[in-house]
Amino acid sequence: MGMAVWIVRRSINAFFDGYQSFTSIAALLVFPVSASVLLSQAVIPFATPPLLETISLRLWSLFQAARFPASAGFFSLLNVKLAQTVFTFVSTLPLVLTFLLLAKASVVHVVCEGRDPRRKRGPPPLSSFLPLYRSILPTHLFNSFVVLSANASTFALLFLVFNVVDVLGLSTSNVVLCLSAAGAVLYSVVVANTTVICNLAIVVSATDNCGGYLPVLKACLLIRGRVMTALGLALPANLGMAAVEALFQYRVNGLPPRLGKGTRASWRRTGARRQG
């Protein structure tokens, strides 16, 4: 944790050193993406978009086909959060591929140029970090494939475990509860490590001028033996993002994010048809 604290202190120092550049980047590039993400979440409590309902039903059908226990609250909650994540990913994809990646490229450029004491204050011109964007874009697309693969691998392992328990006749309520808790911990660890590797791959692609799968491999080598430091650095940022989203949901909607009544009714109808 000492290394993580040292990195955080250096990051804060770099932020205040290039304060004008970072605030300009946040106002011009990051704000449209953040607004689109929050607005896509704000639509859900009032009306369930057809795309979100379709995604939820497809995921629920996959969970039922995999014989995951319907009584386990973990999979119901996971289904809702996955559907919301996929809906937000699809609805904000154009802005993410443009504004967000340009913001990441500009941040890397500002940090790297900050080593030069002769650099000028203020936001960098677009032409200075546009080559970094060309390297970050294929890496970001490959990161999406990595995240999808990590989720699929985790679900495949959970599918194997729950079906083995079901075949052995051990699927009691206590066993299902323990397995659901263990599955939640396993899924959280896998997602956290995947997120850290993907974020580090973006930085590697910008600094080493490479894209695709190569930055991901380099990120895996860099993180080897430093997993706790990487998770310690990712935890404050993830907690901050979760707090901002929760505050937005509370102040704007007054309710926690959830799916509409139509989706829950569709789930009940689907479950009734399957039981019949």
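The values are calculated or read from the model by the stated rules, or taken from the named source; none is laboratory data. If you're wondering where the values come from, they're calculated on a predicted model, not measured in any experiment. As a convention, Cβ positions derive from the backbone with ideal geometry for all residues, glycine included, and neighbour counts pool all protein chains shown.
Total residues in region 206-218 satisfying the condition of being within 15 Å of Ser144 (Cα to Cα) and assigned to a helix (DSSP H, G or I): the figure is 4. Determine whether region 263-272 contains at least one residue that is modelled with pLDDT under 65, under 29 Å from Ala35 (Cα atoms) and either among the aliphatic types (A, V, I, L, M) or in a helix (DSSP H, G or I) (or both). Yes: one or more hits. Based on what the data block shows, is Val189 surrounded by fewer than 16 Cβ atoms within 10 Å (Cβ to Cβ) and out of contact with any helix residue (DSSP H, G or I) (no Cβ under 6 Å at 6 or more places or on another chain)? Yes.
Looking only at region 30-49, count how many residues are modelled with pLDDT of 75 or more and either more than 19 Å from the chain's Cα centre (by Cα) or over 22 Å from Val108 (Cβ atoms) (or both). Total satisfying the criteria: 5. Looking at region 186-244 only, could you name the residues that are more than 27 Å from Leu157 (Cα to Cα) and in contact with a Leu (Cβ under 6 Å, 6 or more places away or on another chain)? Scanning region 186-244 gives a single hit, Ala206. The selection criterion, being in a helix (DSSP H, G or I) and closer than 30 Å to Lys218 by Cβ, does not hold for Leu179. Applying the condition of being surrounded by fewer than 16 Cβ atoms within 10 Å (Cβ to Cβ), among the aliphatic types (A, V, I, L, M) and under 19 Å from Val33 (Cα atoms) to region 103-158 and asking which residue is modelled with the highest pLDDT yields Leu141. Taking the listed residues Thr92, Thr85, the one that is within 25 Å of Val191 (Cβ to Cβ), modelled with pLDDT of 80 or more, surrounded by fewer than 17 Cβ atoms within 10 Å (Cβ to Cβ) and of a type in the set (S, T, N, Q) is Thr85, with no other qualifying.
For (1) buried (at least 16 other Cβ atoms within 10 Å of the Cβ); (2) more than 29 Å from Met241 (Cα to Cα); (3) touching a helix residue (DSSP H, G or I) at 6+ places or on another chain (Cβ under 8 Å); (4) touching a residue at least 60 places away in the same chain (Cβ under 8 Å), each residue gets a yes or a no:
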residue: Leu168; (1), (2), (3), (4): no, yes, no, no
residue: Thr172; (1), (2), (3), (4): no, yes, no, no
residue: Val175; (1), (2), (3), (4): no, yes, yes, no
residue: Ala201; (1), (2), (3), (4): yes, no, yes, yes
residue: Ala206; (1), (2), (3), (4): yes, no, yes, yes
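Is it the case, given these coordinates, that Ala27 is over 30 Å from Val167 (Cα atoms), loosely packed, with under 15 Cβ neighbours inside 10 Å, at pLDDT 75 or above and not basic (Lys, Arg)? Answer is yes for this residue.
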